[in-house]
Every structure is written in structure tokens, then in C-alpha cells.
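What follows is a short report on a single structure.
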Amino acid sequence: MSILNNQKKVRLALPQLEKFSIEALRELNLKPDSIAIAFVTDAEIARLNKIYRKKNKPTDVLSFPSQHSAKRPNKMKFLGDIAIAPAVARHYAKKNGRTLQSEICVLILHGILHLLGYDHETDRGQMDRVEHKLRRKLGLEL
């Protein structure tokens with residue numbers, strides 16, 4: 001798995017985030033090298049959100065499935081990329097009563113589930129149920 005920190009605004013504990021990511025992938029029976037994570041600026045996530053979701057504003061996390069996984073997720077292949085904006089995540093952490101570290105872990109898990117084909121906007125709560133179960137297992141629930 002690769003983690004890139006392409007922003008300087010928010011200090012991150014990258015080794016702990018990498019450890020969490022590996023635990024989450026293991027819990028889902030996925031290989032550690034099945035995702036890549038990039039921490040990006042607010043401007044970059046806003047640009048990506050506008051291009052791919054037609055929403056002209058920053059967001060906290062975006063997932064980009066590989067062409068292979070978008071058609072049929074294969075747990076042995078590279079699933080795709082996750083972009084996270086730590087400055088936006090910091091805002092939501094305060095709003096949700098979580099630490100920044102915990103909020104980013106939630107976003108990593110959320111992004112992985114999107115790469116596996118879950119879509120909370122269309123699936124009648126299935127993604128939310130799976131995500132909350134995994135949050136409890138991974139120690140993210142308050």
C-alpha cells in the first residue's frame with residue numbers, strides 16, 4: 001500500500017494511518033497493496049470533486065476505483081485510489097466529536113468500501129450497516 005502526503009496544512013501521523021489501513025484491509029480479506037491513499041489540499045479535492053462528481057466544492061474523501069474493480073471487484077487485485085483532504089476532515093472531526101486521527105481512519109474505511117462497490121447514496125443503508133460493523137470491530141466507534 002502506498003500513502004502519499006501531498007498537503008502541508010495538517011500534520012498527520014502517517015505510520016498509525018498506514019497501520020490502521022492494513023488492519024482494515026485485513027478485516028475485509030484484502031491484500032495490503034490493493035489500495036493507494038493520497039492526502040491532498042482542499043483545492044485539489046475541490047478540483048477532483050468538480051471533475052468527477054460535478055460538485056463545485058471541497059469534500060473530505062473521494063474514491064477512484066481501478067477500471068478492473070469498477071466492473072467486478074476482485075479482492076486479489078488493485079482496487080483503486082482514495083483521496084482525502086485532511087483540512088476538510090479536521091472540520092468534520094470537530095463536528096462529529098472525534099479526533100482528527102479517528103476521523104481520517106473513518107474516511108479510509110469509507111473509501112475502501114466505495115472501492116469494493118458499496119454506494120451509500122443508492123443502496124438502502126447496506127454500506128452504512130457494513131461500515132458501522134467494521135468501525136466497531138476496528139475500534140472507531142465512540
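The values are calculated or read from the model by the stated rules, or taken from the named source; none is laboratory data. Keep in mind the model is a prediction, meaning the values are calculated, not measured. Note that each Cβ is placed from the backbone with ideal geometry, even for glycine, and that neighbours are counted across all protein chains shown.
Checking the stretch 103-113 against the condition returns no match, with no residue being under 17 Å from the mean Cα position of the chain (by Cα) and either part of a strand (DSSP E or B) or loosely packed, with under 15 Cβ neighbours inside 10 Å (or both).
Scanning the stretch 65-90 for residues that are surrounded by fewer than 18 Cβ atoms within 10 Å (Cβ to Cβ), modelled with pLDDT under 95 and in a helix (DSSP H, G or I) yields Gln67, His68, Ala70, Lys71.
Taking the numbered list (1) in contact (Cβ under 8 Å) with a residue 24 or more places away in the chain; (2) surrounded by 14 or more Cβ atoms within 10 Å (Cβ to Cβ); (3) not aliphatic (A, V, I, L, M) in turn, Asn49 passes all entries but (1). Considering only residues of the stretch 14-41 that are assigned to a loop (DSSP other than H, G, I, E, B) and polar (S, T, N, Q), which is nearest to Met1 (Cα to Cα)? Restricting to residues being assigned to a loop (DSSP other than H, G, I, E, B) and polar (S, T, N, Q), the top hit is Asn29. So is Lys19 exposed (fewer than 14 other Cβ atoms within 10 Å of the Cβ) and out of contact with any Asp or Glu (no Cβ under 6 Å at 6 or more places or on another chain) or not? When the stated conditions are applied, Lys19 passes them. Of Ser102, Ser63, Ser21, all but one fail to be of a type outside the set (D, E, K, R), within 26 Å of Gly139 (Cα to Cα) and without any contact (Cβ under 8 Å) to a residue 40 or more places away in the chain; the exception is Ser102. When Thr122 is tested against the conditions (1) exposed (fewer than 13 other Cβ atoms within 10 Å of the Cβ); (2) at pLDDT 90 or above; (3) under 22 Å from Phe64 (Cα atoms); (4) of a type in the set (Val, Ile, Thr), the lone failure is (2).
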